[in-house]
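Working notes, beginning with the structure itself.
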């Protein structure tokens with residue numbers, strides 16, 4: 001039987017030592033919360049970039065048992081800390097705590113509560129979203145062990161990778177594993193924005209708050225709990241590919257990769273990922289998380305998959321019911337054998353939601 005919960009909200013600027021201690025304690029006792037997006041340093045960085053973060057405290061029998069950072073959107077939805085840049089949002093909670101997200105939505109008077117990439121066994125959100133796979137590289141036994149496993153699992157992909165690597169014979173190739181040059185970061189952001197323009201995607205870095213967040217994470221020194229790690233691949237003195245990710249302890253979350261199309265024949269993004277997998281275990285990284293999404297390179301490089309659930313818990317009003325119905329149509333259509341057409345409703349809903357979330361965030365930061 002679900003126990004009665006009491007809810008309390010506060011601006012992030014008023015988060016205190018008790019909250020921080022509880023946050024650390026909950027994560028220490030639950031390895032499944034080992035995601036950079038669930039670190040309190042991530043929430044701190046988001047607050048510095050946007051200034052509109054809130055904290056939900058959940059109590060049972062007068063005892064603090066769960067925490068949830070969130071933004072309240074202009075239309076009343078509760079969004080993850082960092083909005084669409086957050087690839088993993090759920091309650092930071094004691095093991096076994098069962099919280100009704102519908103009760104949260106009702107009690108906070110909001111239209112919906114978005115969450116991302118939680119376990120299907122999560123007692124709070126596991127039954128409320130859409131199931132998909134999240135991908136990762138297991139480097140816990142070192143690169144050679146990973147390469148042996150994945151070369152057998154994906155022989156064609158790794159043959160192609162070796163062939164492209166051989167094309168670099170005679171070229172000067174260098175890897176900057178921890179590139180601290182702000183100019184490289186600027187180049188990466190421009191390459192990424194060019195990619196968004198060419199492919200008709202929303203320009204993630206077209207807002208001040210997103211660029212401020214990236215730069216804040218980039219400037220965080222090594223040895224901090226969470227920091228941004230910029231890595232780059234150079235061919236004949238020119239930047240061929242770069243990646244900006246989040247590192248917390250033994251986990252690197254693969255986040256924003258980009259490459260210069262002038263070097264496309266070498267697949268520099270793939271070569272950079274391979275070299276990261278080879279070099280990072282020497283620095284204590286045991287896992288590279290690629291996140292979810294239907295990308296071929298993830299299936300080729302990842303030797304681990306785990307099911308995750310993402311979605312929105314809607315308020316039981318007319319607007320919430322209409323949105324939920326639309327999401328249901330999109331989910332059903334995506335499973336029909338209609339080819340690319342089956343994905344159109346899903347993409348339309350996702351694009352509209354992403355656009356709104358960036359716009360809301362931009363207004364909040366202004």
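Among the residues of the range 135-176, which ones are surrounded by fewer than 15 Cβ atoms within 10 Å (Cβ to Cβ) and in contact with a strand residue (DSSP E or B) (Cβ under 6 Å, 6 or more places away or on another chain)?
Listed by number, the residues that qualify are 171, 174.
Which numbered condition trips up residue 228, out of (1) touching a helix residue (DSSP H, G or I) at 6+ places or on another chain (Cβ under 9 Å); (2) in contact (Cβ under 8 Å) with a residue 24 or more places away in the chain; (3) crowded, with 16+ Cβ neighbours inside 10 Å?
(2)
As an exercise: evaluate residue 203 against (1) out of contact with any strand residue (DSSP E or B) (no Cβ under 9 Å at 6 or more places or on another chain); (2) exposed (fewer than 14 other Cβ atoms within 10 Å of the Cβ); (3) part of a loop (DSSP other than H, G, I, E, B) and give the number of the one condition it does not meet.
With respect to (1) out of contact with any strand residue (DSSP E or B) (no Cβ under 9 Å at 6 or more places or on another chain); (2) exposed (fewer than 14 other Cβ atoms within 10 Å of the Cβ); (3) part of a loop (DSSP other than H, G, I, E, B), residue 203 is out only on (2).
Do you know which residues across the range 36-68 are under 15 Å from the mean Cα position of the chain (by Cα) and closer than 17 Å to residue 125 by Cα?
The answer is 37, 38.
Any idea how many residues of the range 69-100 are more than 21 Å from the chain's Cα centre (by Cα) and on the phi < 0 side of the Ramachandran plot? Write out each step before concluding.
Within the range 69-100, the first condition is being more than 21 Å from the chain's Cα centre (by Cα), and the residues that meet it are 74-76, 94-100.
Right, trim to on the phi < 0 side of the Ramachandran plot and you get 74-75, 94-95, 97-100.
The number of residues fulfilling the criteria is 8.
Quick check on the range 235-253. Is at least one of its residues surrounded by fewer than 21 Cβ atoms within 10 Å (Cβ to Cβ), under 20 Å from the mean Cα position of the chain (by Cα) and part of a helix (DSSP H, G or I)? Before the answer, list the steps.
Taking the range 235-253 as the starting set, the residues that turn out to be surrounded by fewer than 21 Cβ atoms within 10 Å (Cβ to Cβ) are 235-238, 248-251.
This time we only want the ones that are under 20 Å from the mean Cα position of the chain (by Cα), so: 248-251.
After this cut, where a residue has to be part of a helix (DSSP H, G or I) as well, the list is none.
Within the range 235-253, not a single residue is surrounded by fewer than 21 Cβ atoms within 10 Å (Cβ to Cβ), under 20 Å from the mean Cα position of the chain (by Cα) and part of a helix (DSSP H, G or I).
Here's the yes/no breakdown for (1) closer than 25 Å to residue 35 by Cβ; (2) assigned to a helix (DSSP H, G or I); (3) modelled with pLDDT of 95 or more:
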site: 127; (1), (2), (3): yes, no, no
site: 144; (1), (2), (3): no, yes, yes
site: 149; (1), (2), (3): yes, yes, yes
site: 162; (1), (2), (3): no, yes, yes
site: 178; (1), (2), (3): yes, no, yes
site: 198; (1), (2), (3): no, yes, yes
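This table checks each residue for (1) assigned to a strand (DSSP E or B); (2) buried (at least 18 other Cβ atoms within 10 Å of the Cβ); (3) modelled with pLDDT under 95.
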{"position": "1", "(1), (2), (3)": "no, no, yes"}
{"position": "8", "(1), (2), (3)": "yes, no, no"}
{"position": "55", "(1), (2), (3)": "yes, yes, no"}
{"position": "69", "(1), (2), (3)": "yes, yes, no"}
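The values are calculated or read from the model by the stated rules, or taken from the named source; none is laboratory data. It should be emphasised that the depicted structure is a prediction, and the values quoted were computed from it without experimental measurement. FYI the Cβ positions are ideal-geometry reconstructions off the backbone, even for glycines, and counts take in every protein chain you see.
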